[in-house]
Amino acid sequence: MKFTKTIEVKNIFNKISYKYDFLNNLLSFGLHKLWKRRLVHLLKPLDGEDWADLCCGTGDLAFLISKRVSPRGSITGIDSAKNILKIAKQKSDLKKNKIIKWETKDVLGINDISKNYDGICMSYGLRNLHSVEEGIEKVFNLLKNKGRAGFLDFNHAKKNSLSNIFQKIYLRFIVVTISRLFNLGPEYEYIEKSIRNFPRKNQLIKIAKEVGFKKAEYRTIFFGQMGILILTK
Ligand SMILES: C[S@@+](CC[C@H](N)C(=O)[O-])C[C@H]1O[C@@H](n2cnc3c(N)ncnc32)[C@H](O)[C@@H]1O
C-alpha cells in the first residue's frame, strides 16, 4: 500500500509538472509566494549555512533560501519526480543561480546522514510522503545539532468551522473545476483526500517531540487555511 502511494504521487507530479507553476499561481491567486516567504522569514537562513529544500518541486523555497545563504552557504533541492525537477533546473539556469544543487531522490530513501544541514524546509511535501512520521524523523536525522526545520502545508481547520467550509468549497469547486479545464482534474482532486489524512497541529507537534525535536511550534496563516510547523533540534 505504502509503496503504491509513493509511485502514485511521483506519477501525479511528473504529469502536472509542465503546468505546476502556472496552476499554483492561478489557484492560489499568487498567494503561495507570500506564504513561502513567510516560512523562510520564520526560519531565518543565514549566509554560510547549508540548507535543503525537500520535495522542492519547481524550487520556489530553494530560490528564496539561496538568496539568504549566499555567497558562502549552500542549498540543495531534492525531489523524486524527474520532470518537475527538470523545470526547477531550467529556472535555475535562466536565473544563472549557481548556488542550488538539484537531486532526484525519494526523501525517505536518503540514507547518507553524513550530510548534515543547518536547516531544512518543505512546502506542501510532508502531506505527500507515504509516512509523515518517517518524514519528520528523516528531517531530524539530516539536521545538525540545533538545526531548524520548517514545513508549510494546508491547515486542518476545525470541522464545520467557517475556515473548514471555505477550504472544502475552494478545493472542490475552484481547484478541481479549474484543473479540469487543463485535463488535470483527478490529479488535483487528490489534494482534499491527502489533507484529510494529514495529521493535525497537535499530532504534528507530538510526532516531532517523539522523534526528538526540542522545540515545536505551529502557527496558522491566511485565516487558518495554511499552517507552518517550525522545529528546532
Ligand atoms: C505539492 S508539490 C510541492 C512542491 C514545492 N515544494 C512547492 O511548494 O511548490 C509536492 C512535491 O513533493 C514531491 N514528492 C512527493 N513525495 C516525495 C518523496 N517521497 N521524495 C521526494 N519528493 C517527493 C513531488 O514530486 C512534488 O514535487
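Restricting everything to alpha-carbon atoms, can you work out Rg to Rh for the chain with a Kirkwood hydrodynamic radius? Checking Rg against Rh, the ratio lands at 0.94.
Think of the chain as a dipole: +1 on every Lys or Arg Cβ, -1 on every Asp or Glu Cβ, centred on the Cα centre; then among P71, I136, F13, P71 lies furthest on the positive end.
Let me make sure I get this right: for the stretch 125-233, a, b and c are the square roots of the gyration tensor eigenvalues over alpha carbons, sorted descending. Under 1.5 in a/c it's rounded, otherwise prolate if a/b > b/c, else oblate. Which is it? Don't jump to the answer; show the numbers that get you there.
On the way: a/c = 2.71, a/b = 1.82, b/c = 1.49.
The shape class here is prolate.
Taking 7 Å steps out from each Cα toward its Cβ at K209 and Y190 produces label points 3.4 nm apart.
Determine the gain in length on full extension of the stretch Q90-I165; use 0.36 nm per residue of separation and subtract their C-alpha separation, reporting nm with one decimal. Intermediate results must be reported in sequence, preceding the final value.
Values: separation 75, 0.36 × 75 = 27.00 nm, distance 3.82 nm.
Taking Q90 through I165 to full extension adds about 23.2 nm, to one decimal.
Between F22 and R72, residue separation times 0.36 nm minus the direct Cα-Cα distance comes to 14.8 nm.
Counting only protein heavy atoms and a 1.4 Å probe, the stretch 87-233 has 54 square angstrom of accessible area per residue.
Distance from the C-alpha centroid of the stretch 187-209 to that of the stretch 63-124: 24 Å, rounded to the whole angstrom.
Dipole size in debye (nearest 20) for the chain around its Cα centre, Lys and Arg Cβ +1, Asp and Glu Cβ -1?
Values: 43 positive and 22 negative charges, 96 e Å.
Here the chain has a charge dipole of around 460 debye.
Quick one: compute the contact order of the stretch 2-232, relative version, from alpha carbon pairs under 8 angstrom and 6+ residues apart, as a percent. Let's see the in-between values first.
Values: 386 pairs, mean separation 42.8, N = 231.
Relative contact order comes out at 19 percent.
In the stretch 165-215, the portion of solvent-accessible area held by carbon and sulfur atoms comes to 58 percent [1.4 Å probe, whole percent, DNA, RNA and ligands not counted].
The values are calculated or read from the model by the stated rules, or taken from the named source; none is laboratory data. It should be emphasised that the depicted structure is a prediction, and the values quoted were computed from it without experimental measurement. As a convention, Cβ positions derive from the backbone with ideal geometry for all residues, glycine included, and neighbour counts pool all protein chains shown. Ligands, DNA and RNA are stripped out before the accessible areas are found, and what is left, the full protein with its side chains, is counted by its heavy atoms. Shrake-Rupley method; radii C 1.70, N 1.55, O 1.52, S 1.80 Å.
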